[in-house]
Amino acid sequence: MRRIVKGAEPEELRRWKDQNATSPQLLRYANLGGEQTRAIRQQMLAEQGNLCAYTMQRVQSVDDCHIEHIVPRSQLPESHDRDIDYTNMLACFPGSLACSPGINPPPDWNPREPYGAQHKGGTSIDESNFVSPLRDDVESRFHYTADGRVSFDAGDTPAMRSIEILNLNHDKLRELRRAAIDERIFEAPLSTADAEELAVSIATPDSAGMLSPFCVAISQVSMWYANTVRNSSQPNAPFD
């Protein structure tokens, strides 16, 4: 996962809260309208560089993602306001229009994916079993390898459980990561300097504010590649 820095809640959400302040029973996620949910998704995508918060897959537009609650709504008391707390929301792949109040999905819509937010579902989470993308240390808690897998440090139970809850080593997702890593690093083997440069540049949004899919995985493997080449008397041997 990539660290996400949340900004202030969108103006549309703040205004809706103000308009319903005298009727607190209405201040529930299920009562949000399409204007509010679209503004929420749009701002979150800007914060996330158009990447899914959990899988780092590309999200093309606000219509291709859904609003994920880090602490699931099913885990919150009915009177709890965290279901409309912007700091508890992320944009995730795939698009889940049925999860957005005020929007009707097409008849043939089927969002189910065996990993990421769809796999997490309503699983109850806390700091003992989940590492939020909002944590400062999130990128150092997960370790990506050249074959597309993700692992964790020995004894880091929350990172281990996060991988399980999100099913981040599912074959389909792992293959997508591996293909992205291969394309950027191994299809035309990089020099040590090029690999080090890629490790930094891949983590920087482009002029449109977008990040490359699986950027953290590519960055980590790029540094591993550079270090391995530098320390090897036969630079190509580790990758044969």
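Quick notes on this one:
- Per the conditions (1) over 30 Å from R149 (Cβ atoms); (2) modelled with pLDDT of 95 or more; (3) surrounded by fewer than 18 Cβ atoms within 10 Å (Cβ to Cβ), the sole criterion not satisfied by Q36 is (3).
- Residue match in the stretch 67-82 (condition: assigned to a helix (DSSP H, G or I) and over 18 Å from I165 (Cβ atoms)): yes
- Pairs where the first residue, in the stretch 175-194, is within 27 Å of P114 (Cβ to Cβ) and without any contact (Cβ under 8 Å) to a residue 40 or more places away in the chain and the second is of a type in the set (S, T, Y) and assigned to a helix (DSSP H, G or I), C-beta under 9 Å, 6+ apart: R184/S222
- The stretch 4-27, residues that are surrounded by 15 or more Cβ atoms within 10 Å (Cβ to Cβ) and either under 24 Å from the mean Cα position of the chain (by Cα) or of a type in the set (V, I, T) (or both): I4, K6, E9, P10, E12, L13
- Which numbered condition T145 fails, given (1) touching a helix residue (DSSP H, G or I) at 6+ places or on another chain (Cβ under 8 Å); (2) without any contact (Cβ under 8 Å) to a residue 12 or more places away in the chain: (2)
- Filter result for Q75 (among the polar types (S, T, N, Q) and under 28 Å from Q220 (Cα atoms)): no
- I84 being farther than 30 Å from Y144 by Cβ, crowded, with 22+ Cβ neighbours inside 10 Å and modelled with pLDDT of 90 or more: yes
- Flag if D206 is among the charged types (D, E, K, R), over 28 Å from Y54 (Cα atoms) and either surrounded by fewer than 12 Cβ atoms within 10 Å (Cβ to Cβ) or modelled with pLDDT of 95 or more (or both): no
- The requirement of being aliphatic (A, V, I, L, M) and part of a helix (DSSP H, G or I) is fulfilled somewhere in the stretch 143-162, by at least one residue.
- Residue, farthest from I70 (Cα to Cα), within the stretch 163-191, restricted to residues that are in contact with a strand residue (DSSP E or B) (Cβ under 9 Å, 6 or more places away or on another chain) and assigned to a loop (DSSP other than H, G, I, E, B): N169
The values are calculated or read from the model by the stated rules, or taken from the named source; none is laboratory data. In this text, all values refer to a predicted model and were calculated from it rather than measured experimentally. Ideal geometry is used to build each Cβ from the backbone, glycine not excepted, and the neighbour counts take in all protein chains shown.
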